[in-house]
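Asker: Mind looking over this structure? Questions follow.
What follows is calculated from the coordinates using simple rules that are stated; it is not laboratory data. Every value quoted in this text rests on a predicted model; they were computed, and no experiment measured them. Note that we place each Cβ from the backbone using ideal geometry, even for glycine, and neighbour counts take in every protein chain shown.
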Amino acid sequence: MSNVTVIGTQWGDEGKGKIVDWLASRADIVVRFQGGHNAGHTLVVGDQVYKLSLLPSGLVRGKIGVIGNGVVVDPKALMTEIDRVTAQGLVVTPETLWIAENAPLILPVHGALDRAREAARGDHKIGTTGRGIGPAYEDKVARRAIRICDLAEPETLDWKLDELLLHHNTLLAGLGAETFTKEQLKDFLAEITPRLLPFSCQVWDRLDEARRAGRRILFEGAQAVMLDVDHGTYPFVTSSNTVAAVAASGSGVSPSSVGFVLGIAKAYTTRVGEGPFPTELHDQTGRTLGERGHEFGTVTGRPRRCGWFDAVLIRRAVRVGGVSGIALTKLDVLDGLDEISICVGYELDGQKIETFPSAPGAQARVKPVYETMPGWKETTAGARSWAELPAQAIKYVRRIEELIEAPVTLLSTSPERDDTILMRDPFED
Ligand code: GDP
Ligand code: IMO
Ligand code: MG
């Protein structure tokens, strides 16, 4: 019996939320360990649709949800989300939601700076969610972040706010954006502190106790390997590490607790925001994938860019992300296509290359080399067993396994929780 860590292997929105919700029935505790409310996870359970950004998806199953120290927490967004899911019938109390007291906060200055910088970048904008994620992580590393535990110490908060404002107001003024007063931030914090502090605790200690009691932990990644600040398409990435190793440091547990690493991959590829995307389709097939897959960003509503499955990128994500097995999602979106292509290599400036380059110019110039297979006419939507899949769909899955050098251990065939095929239980590995 092991723990399981779920990570995205593409550019996000692979269906991590659906898979985490499904797996959560086998876990006791679900832990978010990086990212913030830039994430958007849609869970469909019967006629209920849950849209989660910060809250761990396991809460929908009535499991304990944990927000680890590696997450950047926007307290207002968190409270709005708690109110929304409470209205949908979920129970979120300090008993069911534990938030690390050493997690850094996202304050209104961070969103303002994120948006002002994006506007100033013009043609080179990243296409961020504008939610202050990057500036909040910068403050953490620069040692000027306000952390949740600071809210209990007014004297600490006082001098930390001075330091924070000196930095941010200088930047905001330089960018021609509105600056903030200390009173504004104090009022913001005074309003949320009484609601936030009761959730905060020493998460690392409780998780260690849980481990000793033999409880199963499911670590829920946000974003994906190609958005990882080190391993992704830098600078068109998010500001955290998204690989499985971070489940340990982002929640305060031993690296050996990470367990089985389940990489989530869509049966094709999507991306929101700017940046290189070798297999992007600008034609009718791309539009068809977008329409069938309802490919609109959960957080910003932007249409997602769509393209073929890129086996070279996923093979890399498997290696750097330490992926033990793959959950392949949205296979149903490919139903009825005459032909399906898979990217099996690249060409760069007329030369064949085996791996994705690191420099942004080269990443943008890379051309995919495709292998094309016949599609299938039957429907896979809603299939719950391998036997229900058409032979050609099985061939597609088997070819993907060969190319990415990892087994497909779960398959998802619709947004609905139970339309999932289990080949190997990751908790039993
Ligand atoms: P996440 O960010 O990785 O959790 O993914 P999102 O929730 O942002 O986006 C995935 C979208 O695809 C959601 O709207 C899901 O309801 C939906 N989805 C997940 N799995 C499947 C699937 O197998 N088939 C189809 N058609 N939709 C799926
Ligand atoms: P989930 O967890 C897809 C993208 C943004 C932008 C870049 C940087 O739902 O898979 P940021 O606001 O993080 O500084 O934006 O990262 N991005 C995501 N794209 N899914 C996500 O999360 C994302 N989180 C951030 O669109 O390109
Ligand atoms: Mg998403």
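Asker: Give me, ordered by chain and number, the residues 5 or more places off Ile264 or on other chains with an amide H under 5 Å from its own placed amide H.
Answerer: Sorted by chain and number, the residues that satisfy this are Ile7, Gly8, Thr9, Ala327.
Asker: Could you list, bin by bin from short to long, the percent of Cα-Cα pairs of the chain in 10 Å steps?
Answerer: Calculated P(r), rounded to whole percents: 4, 22, 31, 25, 13, 4, 0.
Asker: List the GluC sites (Glu not before Pro) within the range 313-355 that fall in a DSSP loop (any state other than H, G, I, E or B) and whose Cβ has at most 16 other Cβ atoms within 10 Å.
Answerer: Glu354
Asker: Which value in deg cm²/dmol, rounded to the nearest 500, describes the helix-derived mean residue ellipticity at 222 nm for the chain, given -39,500 (n - 2.57) per DSSP H run of n ≥ 4 and division by the residue count?
Answerer: -9500 deg cm²/dmol
Asker: Which Cα, out of Gly46, Val30, Ile99, lies furthest along the positive dipole direction of the range 1-116 (beta carbon charges, K/R +1, D/E -1)?
Answerer: Of Gly46, Val30, Ile99, it is Gly46.
Asker: Which residue, chosen from Ile19, Ser249, Leu334, occupies the Cα position most advanced towards the positive end of the dipole of the chain, where the dipole is computed from +1 (Lys, Arg) and -1 (Asp, Glu) charges on Cβ about the Cα centre?
Answerer: Leu334
Asker: Of Thr129, Phe260, Leu161, whose Cα points farthest to the positive end of the dipole of the chain (charges on the beta-carbon: +1 Lys, Arg; -1 Asp, Glu; origin at the Cα centre)?
Answerer: Of the listed residues, the answer is Phe260.
Asker: Can I ask one more? How high is the relative contact order of the range 161-274? Use alpha-carbon pairs under 8 Å, at least six apart in sequence, and give a whole percent.
Answerer: 15
Asker: Please list, ordered by chain and number, the residues whose modelled amide H lies under 5 Å from the amide H of Ile340; skip anything fewer than 5 residues away on the same chain.
Answerer: Under 5 Å from the amide H of Ile340 lie the amide H atoms of Met373, Gly375, each far enough along the sequence or on another chain.
Asker: Would you mind checking which residues have amide H under 5 Å from Arg216's amide H? H placed 1.01 Å from N; only 5 or more apart, or other chain.
Answerer: Asp28, Ile29
Asker: Give a residue-ordered list of calculated ³J(HN,Hα) values for the range 368-374 (Karplus: 6.51 cos²θ - 1.76 cosθ + 1.60, θ = phi - 60°; whole Hz; x for Gly, Pro).
Answerer: x, 9, 9, 10, 10, 10, x
Asker: Further, regarding this structure: Could you please state, rounded to a whole Å, how far the C-alpha centre of the range 86-118 is from the C-alpha centre of the range 294-350?
Answerer: So the separation of the two Cα centres works out to 30 Å.
Asker: Take every Cα pair under 8 Å in the range 1-102 that's 6+ residues apart, average their separations, divide by the length, and report that relative contact order as a whole percent.
Answerer: Answer for the range 1-102 is 26 percent.
Asker: For the pair Gln48 and His282, what calculated FRET efficiency results from E = 1/(1 + (r/R0)^6), where r is the Cβ-Cβ distance and R0 = 22 Å, to the nearest 0.05?
Answerer: 0.05
Asker: Now for a different question. Take the range 265-428, drop everything but the C-alpha atoms, weight them equally and run the Debye formula without solvent; then report log10 I(q)/I(0) at 0.08, 0.10, 0.18, 0.20 Å⁻¹ to two decimals.
Answerer: Scattering profile of the range 265-428, log10 relative to I(0): -0.23, -0.37, -1.23, -1.47.
Asker: State which helices in the chain qualify, where a helix is a whole DSSP H run, it must extend 24 Å or more along its own axis by its Cα atoms, and its mean Kyte-Doolittle hydropathy must be at least -1.0.
Answerer: In the chain, the long hydrophobic H runs are 154-174.
Asker: Can I ask one more? Once fully extended, how much extra length lies between Ser385 and Ala142, figured as 0.36 nm per residue of separation less the alpha-carbon to alpha-carbon distance?
Answerer: Computed gain between Ser385 and Ala142 is 82.5 nm.
Asker: Averaging over every viewing direction, what projected area does the convex hull of the Cα atoms of the range 108-196 cover, in nm²?
Answerer: If you wrap the Cα atoms of the range 108-196 in a convex hull and average its projections, you get 5.9 nm².
Asker: Next question. How high is the relative contact order of the chain, given as a whole-number percent (alpha carbon pairs under 8 Å, six or more residues apart)?
Answerer: Relative contact order here is 21 percent.
Asker: Using θ = phi - 60° and the Karplus curve 6.51 cos²θ - 1.76 cosθ + 1.60, what whole-Hz ³J(HN,Hα) does each residue of the range 244-256 get, with Gly and Pro shown as x?
Answerer: Residue by residue, the range 244-256 yields 5, 4, 6, 4, 6, 5, x, 9, x, 10, 5, x, 6 Hz.
Asker: Next question, about the same structure. Quick one: 3J(HN,Hα) in Hz for the range 28-33, Karplus 6.51/-1.76/1.60 with θ = phi - 60°, rounded, Gly and Pro as x.
Answerer: Along the range 28-33, the couplings run 9, 9, 10, 10, 8, 10 Hz.
Asker: Pick from Ser257, Ser57, Ser358 the residue whose mean-square fluctuation is largest in a GNM of the chain, springs joining Cα atoms under 10 Å.
Answerer: In this elastic network of the chain, the residue with the biggest mean-square fluctuation among Ser257, Ser57, Ser358 is Ser358.
Asker: Kindly state, to the nearest 0.05, the FRET efficiency for Asp123 paired with Glu191, given R0 = 30 Å and r defined as their beta-carbon distance.
Answerer: E(calc), rounded to 0.05, equals 0.20.
Asker: If you don't mind, another one. I'd like the distance between the alpha-carbon centres of the range 126-199 and the range 211-231, rounded to an integer number of Å.
Answerer: 26
Asker: Quote to one decimal, in nm, the extra length available between Trp204 and Val369 on full extension: 0.36 nm per residue of separation minus the C-alpha distance between them.
Answerer: 54.8 nm
Asker: What is the magnitude of the charge dipole of the chain about its Cα centre, with +1 placed on the Cβ of each Lys and Arg, -1 on the Cβ of each Asp and Glu, and no other charges, expressed in debye to the nearest 20?
Answerer: Once rounded to the nearest 20, the dipole reads 240 debye.
Asker: Here's another thing I want to ask about it. Of all DSSP beta bridges located in the chain, what percent are antiparallel, nearest 5?
Answerer: Roughly 40 percent of the DSSP beta bridges within the chain come out antiparallel.
Asker: Just for the range 265-428, what percent of DSSP beta bridges are antiparallel, to the closest 5?
Answerer: Counting DSSP beta bridges with both partners in the range 265-428, the antiparallel share is about 75 percent.
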